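All remarks here apply to the structure that follows.
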Amino acid sequence: MRPAEPFRHPLWVRLTHWIGAGAFMTLAVSGFAILLALPRLFWGETGSNDSPAWIVLPLPVNLEQTGWGRNLHFISAWVFVLSGALYGLAALVTGHLFRRLAPDRDQLRPGSLVSEVRDHLHIRPPEPVSGGERYNALQKLAYLAVLLVLAPVMLLSGLTMSPGVTAAYPELFTLFGGRQSARTIHFLAAFGLVAFLLVHLWQVAANRPLRLLRGMITGRPGGKAEGA
């Protein structure tokens, strides 16, 4: 039987992946600098370093990093949003969203999910399937959570912290329960994305990283087909 062809990432997937990755890294660095000015998370409309907080982060207060942090955060946020919007639109138009990211029925069976969790804990690559490579259910669910939940929540909560945006769309305050609530949700969503990134890098490092990097750069992974 002819071996399955390894999956090749289209050019638009590779471009949006690397642009989004670069933008997210600058978002993480600049967001951390902004967080140092007020390393406390509140619920409601107001909050300060002297007010009781919902979550107190063990970070030193540093007001000197806020200026450059906000400027870089604003620029990289729009790069991240535009690359993500382009990816989402292309994924819908080409059918990539349903063909590659929607879990297949057999992948949602309890036994299959338990097996995938066990493989991930043991850093064991999944078996190749007929017709080429495919993401496993945990990967698909994680990607969909980022694309459809975490990224939109982070965008909308970030806009809620802008006085200009909320002046035009005060409904955002109702959606998030206040400016400080939006800030808290924004950072929690960001922490979720960072956690996703760390697991993603761990999985890449555990499954022939050079081959996977080559595939995401050139679109031609080469070698025997196997899960990424």
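Points worth noting:
- Out of Gly84, Gly31, Gly20, Gly69, one residue alone is within 16 Å of the chain's Cα centre (by Cα), touching a residue at least 24 places away in the same chain (Cβ under 8 Å) and under 24 Å from Arg179 (Cα atoms). It is Gly31.
- Subset of segment 157-183 that is of a type in the set (A, V, I, L, M) and in contact (Cβ under 8 Å) with a residue 24 or more places away in the chain - its residue that is surrounded by the most Cβ atoms within 10 Å (Cβ to Cβ): Ala182
- Just one of the listed residues (Ala90, Ala53) is part of a helix (DSSP H, G or I), of a type in the set (A, V, I, L, M, F, W, C) and on the phi < 0 side of the Ramachandran plot, and it is Ala90.
- Selection within segment 104-136: residues that are over 20 Å from Ala205 (Cβ atoms) and surrounded by 18 or more Cβ atoms within 10 Å (Cβ to Cβ). The member of this set that is modelled with the lowest pLDDT is Arg134.
- The numbered conditions (1) surrounded by 15 or more Cβ atoms within 10 Å (Cβ to Cβ); (2) within 12 Å of the chain's Cα centre (by Cα) are all true for Leu148 except (1).
- Test: residue in segment 47-56 that is surrounded by 13 or more Cβ atoms within 10 Å (Cβ to Cβ), touching a helix residue (DSSP H, G or I) at 6+ places or on another chain (Cβ under 6 Å) and in contact (Cβ under 8 Å) with a residue 40 or more places away in the chain: yes
- Residues within segment 157-177 that are farther than 20 Å from Phe191 by Cβ, in contact with a helix residue (DSSP H, G or I) (Cβ under 7 Å, 6 or more places away or on another chain) and β-branched (Val, Ile, Thr), tallied: 2
- Taken across segment 201-208, residues that are farther than 15 Å from Leu27 by Cβ and crowded, with 19+ Cβ neighbours inside 10 Å do occur, with at least one present.
- Hits in segment 1-19 (condition: crowded, with 18+ Cβ neighbours inside 10 Å and at pLDDT 95 or above): Thr16
The values are calculated or read from the model by the stated rules, or taken from the named source; none is laboratory data. This one's a predicted model, so the numbers in the text were calculated from it and none came from an experiment. Positions of Cβ are backbone-derived with ideal geometry, glycine not excepted, and every protein chain shown enters the neighbour counts.
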